[in-house]
Amino acid sequence: MEFKVFVESKFGKRIKILQNDNGNEFFSKQFKDLMWNMESNIKHQTSTPYTPQQNGVFEHFNRTIVESAHSMIHQRGINVKYWAEAINTIVYLKARSPHKAISSMTLKESWSKKKPKVSHLNFFGNTCYALKPSQTKTKLERKSTKYMFVGCSANSKAY
């Protein structure tokens, strides 16, 4: 119920239908309690097991994300241990990119009715520097620490 309450209070929108591929992760006790609770009124639809064809749009979207992350990692010569960050970055970018199915609006814009800002974006795998707070360093110590850009934070304005 927490997710439902979050979506309704933050966005003023109601979840009507949740569709998934009949995977085991969607049949835990917690998930069942959420979905089959009579108060939720959320319709839960599943496809027939072992038929990805029934989830064509999702399967295509998922494949696009995975292949894009694969390309980003290998083109930049980044260790594959950063695959989750690459996936998160692709999803972050997709939500902020125009989509022809919704009149060239972004997914984020169609949901929030606000055009997303993209001026903060950087290239995945770029070298970046984080400024050290003056309280944590001596006068002659480096003022910043060298890092690699692996995406934007979902919880703050940080990278």
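No lab work stands behind these numbers, since they all come straight from the coordinates. Keep in mind that what you see is a predicted model, and the values were worked out from it rather than measured. Cβ atoms come from the backbone with ideal geometry, glycine included; neighbour counts cover every protein chain shown.
Taking only complete DSSP H runs, can you tell me which helices of the chain stretch 27 Å or more along their own long axis by Cα positions and average at least -1.0 on the Kyte-Doolittle scale? Intermediate values should be presented prior to the final figure.
Working: long enough: 56-76 (30 Å, -0.41).
Membrane-span-like by this rule: 56-76.
The H on the amide N of residue 105, modeled in the peptide plane, is under 5 Å from the matching H of 99, each at least 5 residues off or on a different chain. Paramagnetic label reach from residue 105 (point 7 Å along Cα→Cβ; backbone nitrogen cut-off under 15 Å): within region 11-26, residues 11-14.
Please give the net charge around residue 96, taking every other residue with its beta carbon less than 12 angstrom from that of residue 96, where Lys and Arg add +1 and Asp and Glu add -1. Net charge around residue 96: +4.
Residues whose amide H lies under 5 Å from that of residue 128, counting only those 5 or more places away or on a different chain, are 147, 148, 149; hydrogens are built 1.01 Å from N in the peptide plane.
Eigenvalues of the Cα gyration tensor times 5, then square-rooted: what semi-axes does that give for the chain, in whole angstrom, largest first? Write down the numbers at each step before the final one.
Details: eigenvalues 256, 87, 64 Å².
Equivalent-ellipsoid dimensions as semi-axes: 36, 21, 18 Å.
Amide H contacts under 5 Å for residue 44: 18, restricted to partners 5 or more places along the chain or on a different chain, H placed in the peptide plane at 1.01 Å from N.
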